[in-house]
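The values are calculated or read from the model by the stated rules, or taken from the named source; none is laboratory data. Remember, it's a predicted structure, so these values are computed and weren't measured experimentally. All Cβ positions, even for glycine, are placed from backbone atoms using ideal geometry, and neighbour counts span all protein chains on display. Accessible surface areas use protein heavy atoms only, side chains included; no ligands, DNA or RNA. Shrake-Rupley method; radii C 1.70, N 1.55, O 1.52, S 1.80 Å.
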Amino acid sequence: MDVNITKALNDKLYDRRKSGALELEGLIRDALAAQDHDRIQKIVHQLCHEYAYAVHQPHARNGGLIGLAAASIALGPEVARYLEEIVPPVLACFSDQDARVRYYACESMYNIAKVAKGEILVYFNQVFDALCKLAADSELSVKNGAELLDRLVKDIVAESAASYVSVLHAPPEPTGDDGDGEHAASEELPTAFSLEDFLPLLEERVSVLNPFTRTFLVAWITLLDSIPDLELVTYLPRFLGGLFKFLSDQNQDVQTATQVALDKFLSEIKKIARIKRGIAESRKSQGEEKHSTSSTRSGQGVASDTDSIAPSEVIDEKDDASLDGQSTTANDEKSGSGEGDWIPGQDVQVDHAKIMDILVTFLSDSSEREIQLTALRWIDSFFEICPEDMMPFVPRLLSHVLPTMSHDVDAVRQAANRVNTSLMDYIMSLSEESRHPDNNALAQLNLPNSLSAIGKDLTAVERRESNLSSRLLKTVICDQAIDGRASLDSKGTRTPTPAEERGPSPRPGPELDYQAAVNALTLQFLNEHEATRVAAIAWLIMLHRMAPGKILSVEDGTFPALLKTLSDPSEAVVTRDLLLLSQISKNSDDSYFTSFMVNLLKLFCTDRRLLETRGNLIIRQLCVTLSAERIYRTMADCLEKDEDVEFTSIMVQNLNNNLITAPELADLRRRLRNLDSRDGQSFFVTLFKSWCHNAVATFSLCLLAQAYEQAYHLLQIFADLEMTVNMLIQIDKLVQLLESPVFTYLRIQLLEPDKYPHLYKCLYGLLMLLPQSSAFAALKNRLNSVSAIGYLHIAPRTSQQGPPVSSFERPNRLKAREDGGVKWVELLDKFKTTQERARRSQRMAGLGDEVGASPTQEKEKMLPPDVPPKNPSLRPNSAANTNRPPPLPAQGQGQGHKSKSSLSNLGRFAGGVGGRKKK
């Protein structure tokens, strides 16, 4: 450079430096015109090393920057060969401590880029990195200069990034006529901008926290995505995580810009999926057309030729058909209506699995509202975009989507509900599709119950519930039922899934990891929110319907969790839990059912609060979904063998109350009233043996079964039992129940005293047991209303026949009934034995609490002589009412004496049943 130029560039005044730069520009133009590239090279070298790199001379650096810009302007298109030396010193000045140097560096790079245009893309990564730092610069002038440079570079990238090849990499001038070789070489040339080289820098920078830098990055990502040929969406998993973090930025502008960018990416992914699906459909339809035309031609060939066709001829014919198909396809391409037309996006590959992994990770790790909302919206869209890639993520989705259904924010809660619905639809549709292709007729038989059937079962239970969670589940199931019907109705016209589009390949479809899904759902039982627990059990019900053999077996560790869930405070959860347990029992053998009943009784025994608050609900729901008789038989067998007389008495009382009052057990009550059949007798005997633990329940059972004579004999034994407050309360409740619709038949039978003589004795016996109370008055009024009929029929018969005839009649009745299969006397003995055992058990428990009680005192307490004083006062009343001898002496005196002694031993039973509950 001339001396005056060097002096001007070193001046501290900007105007003098500018005038020096203008002189330098003219000098270089002259050198370029003279093709003096050596001098130009020296000038550039001098500007870089003596000026731009002069660290301790800020004016020299400024002069070097403006000089390099002037040199670039002068060089024009020839600047490409010098950029390798010009750009690095300018980039170095971007990080200078002096704000003015940074600003002049922006100005210089702006002028260089304006001249170089596409050539600057060779240094795009370095320029981008510098701009990324300057976006957060503290000096406003520097930031403004960087924005101007940023806009220019964006324009260059948008215009040239996809296709521009640097002149430095351009092929040499063709020397011969080898045009084909030149064409092949030009195809392999690298573009100046490389997305592969840029992405590592983007991955590094996307983790920044500065809001200005984040806005800068989002703007660049949006720009690069808008260039079709770059296909940035292919690399989306590499920076999607960083973009999601931007959503939690405190700056609203960053959130808005990021949300817009993510929405564009999602729309692009949806568009690509639709394009690929449409192309696959068109190929499939064309393939079917080709197949039909080839089969038609082969049919014509067979019809025309009488001789057999050799295999080679058949192959040739197929080849001809395929060639014809290719020619028609080529014609379609030319006409513009065929599948051969290239559609933007058809070759773009999107890694859906990696994107899903990122989405699920953010859903689980982030508590930010915007991040969760966006992740849920993306996940919901992916069920439509790539259903074939969703299966591996089902267990993780269940773990994280279900808790989100109870989110505090309504928008997040609704989004989670939509994802849960889509996930349920997806699992159900996939299970149905996997069965259809092989054999439709056979598959229809092997399919599990349809979703609409699940809806019926669940809604039958939910009809009695009115909470939010039940409505939620009902909505989900109804939607699925509608979708299921729609998919079946429109099976011929519906859009096939990508899995179907691949054709009849032997490769099996994705399999759900049932165990992982069940484990994820079981953990949700511990969630504090009701909606999440309800949804978890609804999922288990559906999965068990789909694959009853794969999940929730007898040995499965989920069973204890399901039992424990019966203690859940939510009635909706308990109802569905019972439905699931019933469903498992239906698909299991008898040993599972017995184990279920035994474990349920153990749970009731250990958790008395559950028995008090939910016992009736649990029993009734199980009777709805399972066989009520099977439940009662199994529980009765278990309770008969139970050593805990206190719990057995309470449990029998609960079962008996449900047997009398529950609408679900109406059929069971009808069966009990029919003791003529073997089944009815067997069921009655099974219940009676277990009901013996509770005296009033046993009496109620006999009334239900219309075994009034047996009930009357029980009342005679009651006379020898000590009436406790709890026992009187139970009798009081029984009297109230006698006025209910359940016992309408019994009240009607009071009109036929000659046919049901022992019914009167039972009711009058109850009246004698009760103290003067409201129940006493109610029963007395009922009996008074029919007492005249009773006297009218009974009195004459007793006066005519006398005691001998009645003594003869009763054994015959017993005998006849025993021939039918019920051994009534043995059942009475069983009742006495059980009550005696209960009395002794309570006596021993009472002695354990007394201090200083001796074994001799215990023996004295257990001796029978304390009891007989009661008998003279009580026995005449019952004898007066009966006007007949007691049943047992009629069988023989020895047996009568034996029975009397056993009754005397029961004299101290102060409510081994009721008193215990009170205690």
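Net charge of the neighbourhood of Leu247, taken over other residues with C-beta under 10 Å away and scored Lys/Arg +1, Asp/Glu -1, is -1. Contact order, relative form, for region 194-284: 28 percent (alpha carbon pairs under 8 Å, 6 or more residues apart, mean separation divided by residue count). Between Ser841 and Leu168, the distance separating the two model label sites (each 7 Å from Cα on the Cα→Cβ line) works out to 9.6 nm. Placing +1 on each Lys and Arg Cβ and -1 on each Asp and Glu Cβ, with no other charges, gives region 77-128 a dipole about its Cα centre of roughly 160 debye.
Ranking Gln250, Leu201, Leu232 by how far each Cα lies toward the positive end of the dipole of region 194-284 (charges on Cβ) leaves Leu232 at the top.
Projected over all directions and averaged, the alpha-carbon convex hull of region 194-284 occupies 6.3 nm².
A simple rule links phi to the HN-Hα coupling: the Karplus curve 6.51 cos²θ - 1.76 cosθ + 1.60 with θ = phi - 60°, which for region 768-785 gives 6, 6, 7, x, 5, 8, 5, 5, 4, 5, 5, 5, 5, 4, 4, 6, 5, 5 Hz, with x for Gly and Pro.
Highest mean first, how do 582-593, 21-32 rank when packing is the count of other Cβ atoms within 10 Å averaged over residues?
Taking the mean over residues of other Cβ atoms within 10 Å, the ranking is 21-32, 582-593.
For region 202-246 versus region 100-158, the spacing of their alpha-carbon centroids is 18 Å. Separation of the alpha carbons by more than 25 angstrom is noted, of Lys7/Lys114; Lys7/Lys143; Lys154/Lys270; Lys42/Lys154; Lys755/Lys823; Lys641/Lys761, for Lys7/Lys114; Lys7/Lys143; Lys154/Lys270; Lys42/Lys154; Lys641/Lys761. Judged by the mean number of other Cβ atoms found within 10 Å, the most tightly packed of the peptides 243-250, 415-422 leads the ranking 415-422, 243-250.
Counting only protein heavy atoms and a 1.4 Å probe, region 1-167 has 46 square angstrom of accessible area per residue. Close amide H contacts of Ser366 (hydrogens built in the peptide plane, cut-off under 5 Å, sequence separation of 5 or more or a different chain): none are found.
Taking θ as phi - 60° and the Karplus parameters 6.51, -1.76 and 1.60, the scalar couplings of region 829-835 work out to 4, 4, 4, 4, 4, 5, 5 Hz in sequence order, x denoting glycine and proline. Annotation for region 55-74 versus region 654-730: alpha-carbon center distance of 109 Å. A simple packing score, the average count of other Cβ atoms within 10 Å per residue, orders the peptides 378-389, 708-719 as 708-719, 378-389, with the highest score first. Here's how it looks for Ala54: its modeled amide H is under 5 Å from none belonging to a residue 5 or more places away or on a different chain. Backbone phi angles across region 644-657, fed through the Karplus curve with coefficients 6.51, -1.76 and 1.60 (θ = phi - 60°), yield HN-Hα couplings of 7, 5, 5, 5, 4, 5, 5, 5, 4, 4, 5, 4, 5, 4 Hz in residue order; Gly and Pro are listed as x.
Using a Förster distance of 41 angstrom, determine the FRET efficiency expected from the C-beta separation of Gln736 and Arg678, and round it to 0.05.
E between Gln736 and Arg678, to the nearest 0.05, is 0.75.
Accessible area per residue for region 194-284 is 44 Å², calculated with a 1.4 Å probe on protein heavy atoms, without ligands, DNA or RNA. In a simple Cβ point-charge model (Lys, Arg +1; Asp, Glu -1; nothing else charged), region 1-167 has a dipole of about 240 debye relative to its Cα centre.
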